[in-house]
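Here the structure comes first, spelled out in structure tokens, and everything after it is commentary.
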Amino acid sequence: MKEAVSIERKFVSLNPREARTVAIIFERMFPADENGPGATEIDVVNYVDKALAGPYGEKLEWYRLGLAALERVACQKYGTDFADCAASDQDELLAELEKGQVPDFVTPASVAFFDLLRTHLQEGLFADPVYGGNRNKLGWKILNHPGVWLENSSEENLTSEPVTKGGKIQSLADLDFSPGRPSRNDVRKGYDPQRSVSPPSEIADIVLVGLGAMGGIVAPVFAKAGLKVVAIETGPWRTNSDYLPDELGATYYCRANMGSKFMREIPRWRRNADEPTQEATFSLGRMMNSVGGSVIHYGAWLRRFHPHHFKSRTQIRERWGEILPADCQVTDWPMTYEDIEPYYTLLEQSVGVAGDESNPFIRRSAPLPMPPTRSFRLGEFFKDATRRLGLHPYPVPVGINTTPYQGRPATTYTAWSNGFGSYTGDKWDPSLSSVPEALATGNLELRTHCRVVRILTNGDGRVSGAEYIDPNGTSRVQRGRIVILSAYTFESLRLMFLSGDTRHQSGLGNNSGQLGKSFMTKMFAHVNGYFPDVVFNRHTGPAAQGVVIDDFLSAEFDSMQHGFIGGATFGAEQQFLPIQISREALPSDVRRWGKPYKDHVRNWQHYGVVRIQPDTLSYTSNFLDLDPVYRDKSGLGMPVVRITYDMRENEHKLADWMEAKAEEILREMGAVKTWRGQRFTGVGSSHDLGGARMGNDPSCSVVSPDLEVHDTPGLYVYGGATFPTCPGINPTLTLWAVCYRAADCLVKRLKRGEGA
Ligand SMILES: Cc1cc2nc3c(=O)[nH]c(=O)nc-3n(C[C@H](O)[C@H](O)[C@H](O)COP(=O)(O)OP(=O)(O)OC[C@H]3O[C@@H](n4cnc5c(N)ncnc54)[C@H](O)[C@@H]3O)c2cc1C
């Protein structure tokens with residue numbers, strides 16, 4: 001009775017009985033033992049109660065129904081409330097819930113409820129204490145993780161002893177972010193947020209839809225050429241206060257708060273046309289909404305494609321003959337590596353890429369402007385082992401400052417920055433220089449918090465502007481001679497589908513039925529290894545600190561000898577934050593909850609991982625269109641994108657071989673045990689390519705090599721949707737190069753008086 005009264009006072013969303021049951025469930029899933037407290041003492045229930053009263057409000061009903069079902073079964077089976085059952089009976093009930101065996105609870109709902117509980121448990125244990133769980137940092141203490149540190153030394157990167165920062169565990173409340181922190185606010189000269197609510201300007205030369213990674217890099221190309229540019233961006237221009245090392249709130253794999261529009265329009269997904277859809281799953285893939293775009297929280301690996309990646313079809317045919325599956329749509333690019341090389345070089349210098357020339361498969365016409373990131377322990381193990389196997393490891397080139405560069409500081413090697421957004425500006429994004437440069441010309445007008453909802457055309461079928469909703473909810477029209485869609489793959493395509501007119505009845509760019517076709521995404525597989533006598537200290541640096549090998553996607557790799565087409569990058573990287581640790585793949589002999597789970601996560605310092613980034617072919621069966629049923633949660637209720645995507649036999653064979661190779665590398669590194677992570681990691685990978693493929697022939701492509709939509713003059717697509725193939729290499733540097741080149745060509749055309 002006493003306990004019920006105190007519970008009643010404390011909780012705001014759960015009632016006392018529910019709170020008691022939830023607390024007991026969490027304790028069973030993460031029990032107190034000889035190694036430290038369990039979920040009760042860590043106050044996970046307090047975290048969940050607060051979250052259900054706030055950001056997870058829509059899940060409260062789910063809790064109510066799930067708990068009621070559990071109570072019903074407890075009563076039927078054991079004649080008592082769940083809370084009063086013996087611990088072993090509680091465990092049995094939870095195991096049934098996990099497997100979907102609770103009567104009166106349809107299987108998917110039961111499994112999903114269990115998974116939801118587990119996700120919330122991990123957050124309550126390991127998120128910053130400011131969220132109400134992780135009481136007294138007990139969750140981090142159990143892991144022996146020092147919490148939030150904004151700097152690590154080269155010694156800490158390489159030491160064989162655990163880096164504990166002298167036993168001091170820091171949370172957000174312990175940090176003072178202001179002293180010495182470069183201000184992101186200073187670069188916003190010429191930006192007036194009020195402009196967004198004023199009436200649209202006269203007709204613009206260029207309307208940019210989205211001022212993210214692609215829109216942001218081309219804005220100065222146009223503005224400096226004297227063209228009048230209006231950029232319509234749905235996100236804000238973020239200031240220092242947005243960039244917090246808060247794993248739960250900020251990271252793409254947790255709440256992804258900086259991508260609130262993206263998170264309200266999650267695509268639907270089905271494996272094939274006969275299946276009902278479900279919400280899309282993600283490997284990385286939660287994009288951002290902000291001036292500067294998703295590269296604000298990206299991993300910053302900036303790598304070149306290899307020359308042969310631009311002529312995939314020819315290379316396959318010449319090497320192995322006509323072996324492609326009948327419905328495979330692999331093609332050559334309408335441009336070569338040599339066409340792109342000058343732009344790679346220009347961007348590596350202007351963005352600021354750190355790396356060296358030790359990758360034997362890539363030749364640059366100019367060296368990279370900064371030395372590579374520092375060596376780190378897992379990377380050294382990976383490097384030594386792959387060298388012994390005759391392979392060619394190299395430090396991955398990254399868009400992170402390893403020395404001060406162009407007025408921005410060198411990195412401090414904090415692990416609390418990739419997936420977040422850099423709070424110092426050591427990781428470049430367009431809001432740090434190219435957008436300010438464009439504004440400084442006086443030719444860029446920036447309207448933030450404005451969402452484009454339709455592309456407009458005139459009676460000739462030519463583009464004429466964009467309709468958008470301003471921050472007051474007013475519908476506006478911005479006229480433009482040229483409209484460039486740079487709103488990321490899903491949104492650019494959604495707008496094209498939604499903007500049909502009498503000349504484009506099934507959407508702009510779709511007159512030959514190609515819109516949405518040839519969609520490709522990556523399944524980032526990985527293999528973990530256990531090294532009982534090695535401490536890796538992966539929490540002492542960002543994921544930008546990485547070592548990779550290109551051997552298995554180089555032109556020399558004969559994949560058909562192993563029975564598949566394509567290759568993959570292998571890599572070892574830093575960054576292990578508390579929630580990340582709790583979500584890493586488990587060996588099949590470790591239960592996902594209870595003491596075995598707790599024992600496993602406590603051992604995180606001894607886990608190494610080899611990540612795999614595969615090539616992906618395109619097939620007619622993998623495509624994007626609009627979902628006929630589901631709408632976004634923006635209040636406008638516009639249809640979301642529907643992804644029809646499955647891994648095919650070739651991709652499974654490739655993954656099988658690559659996972660086995662990763663196991664071999666891990667064993668060579670000294671692992672005594674290895675286990676594979678999930679292979680189908682999610683259809684949203686942030687490398688979501690194709691759907692508006694570029695090519696010279698309008699019957700089998702959507703845009704020209706200059707990225708203009710074949711059937712809609714004046715409309716351009718700047719982004720991954722235009723890529724004809726999907727090599728196992730991070731795409732952003734190539735995206736930037738292709739878009740920059742297209743912008744250059746467009747400026748030249750307009751100067752010659754063509755096309756406007
Ligand atoms: C977690 C993560 C890690 C990544 N790591 C890497 C990496 O290491 N290396 C690499 O090469 N790539 C990486 N990427 C991919 C990289 O971020 C993308 O390739 C890149 O951001 C794509 O640029 P974009 O301009 O097409 O899209 P974005 O950068 O997402 O920009 C699109 C912009 O459009 C705006 N917008 C959307 N809808 C509308 C609308 N209706 N009206 C107006 N504006 C709109 C958005 O707010 C956004 O600002 C990563 C991505 C993620 C999510």
- Item | Net length gained if the chain between Gln505 and Ala410 were fully extended (0.36 nm per residue, minus Cα distance) | 29.0 nm
- Message: Quick check for you: which residues of region 289-309 have the amide N under 19 Å from the point 7 Å beyond the Cα of Thr239 toward its beta carbon?
- Response: 289-293
- Query: In nanometres, what is the gap between the two model label sites at Glu649 and Asp104, each 7 Å from Cα along Cα-to-Cβ?
  - Reply: 4.8 nm
- Item | Prolate/oblate/rounded call for region 97-216, Cα gyration tensor, a/c under 1.5 rounded | oblate
- Can you sort Met647, Met523, Met29 by how many other beta carbons sit within 10 Å, fewest first? Met647, Met523, Met29
- Counting pairs of alpha carbon atoms under 8 Å apart in space and at least six apart in sequence, what relative contact order in percent does the chain give? 18 percent
- Item | Residues whose placed amide H lies under 5 Å from that of Gly684, excluding near-sequence neighbours | Thr281, Phe282, Ser283
- What is the calculated FRET efficiency for Leu346 to Leu389, with r their C-beta to C-beta distance and R₀ = 35 Å, to the nearest 0.05? 0.45
- Calculate one ³J(HN,Hα) per residue across region 145-161 by plugging θ = phi - 60° into the Karplus curve 6.51 cos²θ - 1.76 cosθ + 1.60, and present them in order as whole Hz with x for glycine and proline. 9, x, x, 8, 10, 9, 7, 9, 8, 5, 5, 5, 5, 10, 5, 8, 9
- Shape call, region 264-412: gyration tensor on alpha carbons, a/c limit 1.5: oblate
- Item | Degrees, to the nearest 10: 16-29 long Cα axis against longest axis of the chain | 80 degrees
- Item | Extreme residue, positive dipole direction of region 216-326, given options Asn272, Leu302, Val221 (C-beta unit charges) | Val221
- Query: Taking other Cβ within 10 Å of each residue's Cβ, how do Tyr78, Tyr413, Tyr619 sort, fewest first?
  - Reply: Tyr78, Tyr619, Tyr413
- Task: Could you work out the relative contact order of region 316-443, using alpha carbon pairs under 8 angstrom and six or more residues apart, expressed as a whole percent?
- Result: 19 percent
- Amide H contacts of Leu626 (H built 1.01 Å from N, under 5 Å, at least 5 apart or other chain): Arg642
- Item | Around Lys137: net Lys/Arg minus Asp/Glu count, Cβ-Cβ under 11 Å | +1
- Fully extended contour minus Cα-Cα distance, from Thr159 to Tyr191, at 0.36 nm per residue: 6.9 nm
- Calc'd 3J(HN,Hα), region 276-290, phi into Karplus 6.51 cos²θ - 1.76 cosθ + 1.60 (θ = phi - 60°), Hz, glycine/Pro = x, comes to x, 8, 9, 4, 4, 9, 10, 8, 9, x, 8, 8, 9, 10, 4
- Find which of Tyr597, Tyr253, Tyr530 sits farthest along the positive direction of the dipole of the chain, computed with +1 on the beta-carbon of Lys and Arg, -1 on that of Asp and Glu, about the Cα centre. Tyr253
- Along region 697-712, Karplus-curve 3J(HN,Hα) (6.51, -1.76, 1.60; θ = phi - 60°) to the nearest Hz, with x for Gly and Pro, reads 9, x, 6, 9, 8, 10, 10, 7, x, 8, 6, 8, 5, 4, 9, 9
- Task: Round to a whole angstrom and tell me the spacing of the C-alpha centers of region 360-380 and region 312-354.
- Result: 22 Å
- Mind pulling the angle between the C-alpha long axis of helix 649-669 and the longest principal axis of the chain? Nearest 10 degrees, somewhere in 0 to 90. 60 degrees
- Item | In nm, spacing of pseudo-spin labels at Asn696 and Ser260 (7 Å Cα→C-beta vector) | 4.9 nm
- Per DSSP, the loop-located GluC sites (Glu not before Pro) within region 411-482 having at most 16 other beta carbons within 10 Å are none
- Message: I need His309, His687, His392 ordered by Cβ neighbour count within 10 Å, fewest first.
- Response: His392, His309, His687
- Item | In degrees, nearest ten, helix 489-498 long axis to first principal axis of the chain (Cα) | 60 degrees
- How far is it, in nm, from the label point at Thr119 to the one at Leu498 when both lie 7 Å from their Cα along the line to the Cβ? 2.4 nm
- Task: Apply 1/(1 + (r/R0)^6) to the Cβ-Cβ distance of Lys77 and Leu636, taking R0 = 51 Å, and write down the FRET efficiency to the nearest 0.05.
- Result: 0.60
- Cut-off under 5 Å, modelled amide H: who pairs with Ala204 long-range: Arg479, Gly480, Arg481
- Item | Net length gained if the chain between Asp589 and Lys673 were fully extended (0.36 nm per residue, minus Cα distance) | 29.1 nm
- Task: Give the percent of DSSP beta bridges with both residues in the chain that are antiparallel, rounded to the nearest 5.
- Result: 70 percent
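FYI, it's all coordinate maths here, none of it is from the lab. What you see is a predicted model; the values in this text were computed from it and never measured. When we count neighbours, we look across all protein chains shown, and the Cβ atoms used for this are built from the backbone with ideal geometry, even at glycine.
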